[in-house]
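S.K.: The structure's right below; bear with me while I get my questions together.
The values are calculated or read from the model by the stated rules, or taken from the named source; none is laboratory data. Fair warning: this is a prediction, and the values are worked out from it, not measured in the lab. Ideal geometry is used to build each Cβ from the backbone, glycine not excepted, and the neighbour counts take in all protein chains shown. Heads up: the accessible areas ignore ligands, DNA and RNA and are worked out on the full protein's heavy atoms, side chains in. Shrake-Rupley method; radii C 1.70, N 1.55, O 1.52, S 1.80 Å.
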Amino acid sequence: MNLNESQKQAIAELSVFDTWTDKFDYLIELGESMPGDLPGSISRNSRIEGCLSRSYFNAFVIDGYIRTEGWSNSNIVAGIIVLVSRIFNGISVRDLRDANIYFHIDSGLSENLTYRRKMLLDEIIRRIIVLSEI
């Protein structure tokens, strides 16, 4: 699956729900699938500053493909990390270079997050975009 298809799939997942309360409940469900403790593979240097929760995200490239890992003690933020990981894990760096990242805008996610959560999502996306420059 390419990045465009992956983003469309994430938008479709969120569009199943009628209200933002239901969409946030879905993100909470996604977040609950995350391990309870910070995995040892995540560096403390990957902490996302400015977020009230303890949140970590790392994006890197292995053999030309994006891999992500993250953790948060907030279920909504953890759900955002899981959603972003579903979108970007396994996407080629070449695909990232040629793509537009729009899932957070077209789904309405960005405009419905609190300011701090929006800044967190923007930082996660920035960390992924940096990989296109490798």
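S.K.: Expressed as a whole percentage, what fraction of the accessible surface of segment 73-134 belongs to carbon and sulfur atoms when a 1.4 Å probe is rolled over the protein heavy atoms?
M.R.: Result for segment 73-134: 47 percent of the exposed heavy-atom area is carbon or sulfur.
S.K.: For the pair residue 114/residue 2, report the inter-label distance in nm, with labels modelled 7 Å from Cα in the Cβ direction.
M.R.: Here the modelled spin labels are 3.8 nm apart.
S.K.: May I pose another question? Quick one: what do you get for the chain if you divide its Cα Rg by 2.2 N^0.38 Å?
M.R.: After normalising by residue count via 2.2 N^0.38 Å, the value is 0.99.
S.K.: I would also like to ask the following. Which of 124, 101, 66 moves the most in a Gaussian network model of the chain with Cα springs under 10 Å?
M.R.: Between 124, 101, 66, it is 101 that shows the largest mean-square fluctuation.
S.K.: Which parts of segment 94-127 would a label at residue 26 reach, counting a residue when its backbone N lies under 12 Å from a point 7 Å out along Cα-to-Cβ?
M.R.: 107-109
S.K.: Which of 79, 90, 31 moves the most in a Gaussian network model of the chain with Cα springs under 10 Å?
M.R.: 90
S.K.: Placing +1 at every Lys and Arg Cβ and -1 at every Asp and Glu Cβ, with all other atoms neutral, what dipole size does the chain have around its Cα centre, in debye to the nearest 20?
M.R.: 440
S.K.: Here's something else I'd like to know. In whole Hz, what ³J(HN,Hα) sequence does segment 50-59 give by Karplus (6.51, -1.76, 1.60; θ = phi - 60°), x for Gly and Pro?
M.R.: Each residue's phi maps through the Karplus curve to give x, 8, 5, 7, 7, 9, 9, 8, 9, 10 Hz.
S.K.: Something else: Counting only helical runs of four or more DSSP H residues, what would the 222 nm mean residue ellipticity of the chain come to if each run contributes -39,500 (n - 2.57) and the total is spread over all its residues?
M.R.: Using -39500 (n - 2.57) per qualifying helix, the result is -15000 deg cm²/dmol.
S.K.: Quickly work out the residue 9-to-residue 106 label distance, labels modelled 7 Å from Cα along the C-beta direction, and quote it in nm with one decimal.
M.R.: 1.4
S.K.: While we're looking at this one, here's another question. Whats the longest run of the chain with zero chymotrypsin sites (Phe, Trp or Tyr not before Pro) that are DSSP loop and have at most 14 other Cβ atoms within 10 Å?
M.R.: By the stated rule (loop sites, at most 14 other Cβ atoms within 10 Å), 18-101.
S.K.: How many nm is it between the label spots at residue 47 and residue 67, if each spot is 7 Å from the Cα in line with the beta carbon?
M.R.: It is 2.5 nm.
S.K.: Once you treat every alpha carbon in segment 18-70 as an equal point and sum by Debye, what is log10 I(q)/I(0) at q = 0.28 Å⁻¹?
M.R.: -1.11
S.K.: How about segment 52-123: which trypsin sites (Lys or Arg not before Pro) there lie in a loop by DSSP and see at most 14 other Cβ atoms within 10 Å? Show your work: numbers first, answer last.
M.R.: On the way: sites: 54, 67, 86, 94, 97, 116, 117, 118; in loops: 54.
Here the sparse-neighbourhood loop sites are 54.
S.K.: Mind checking which of 41, 85, 107 is farthest towards the positive end of the chain's charge dipole, using Cβ charges of +1 (Lys, Arg) and -1 (Asp, Glu) about the Cα centre?
M.R.: The Cα lying farthest towards the positive end belongs to 41.
S.K.: Please compute the per residue accessible area over the chain with all protein chains in place, 1.4 Å probe, rounded to a whole number of Å².
M.R.: For the chain, the solvent-accessible area averages 53 Å² per residue.
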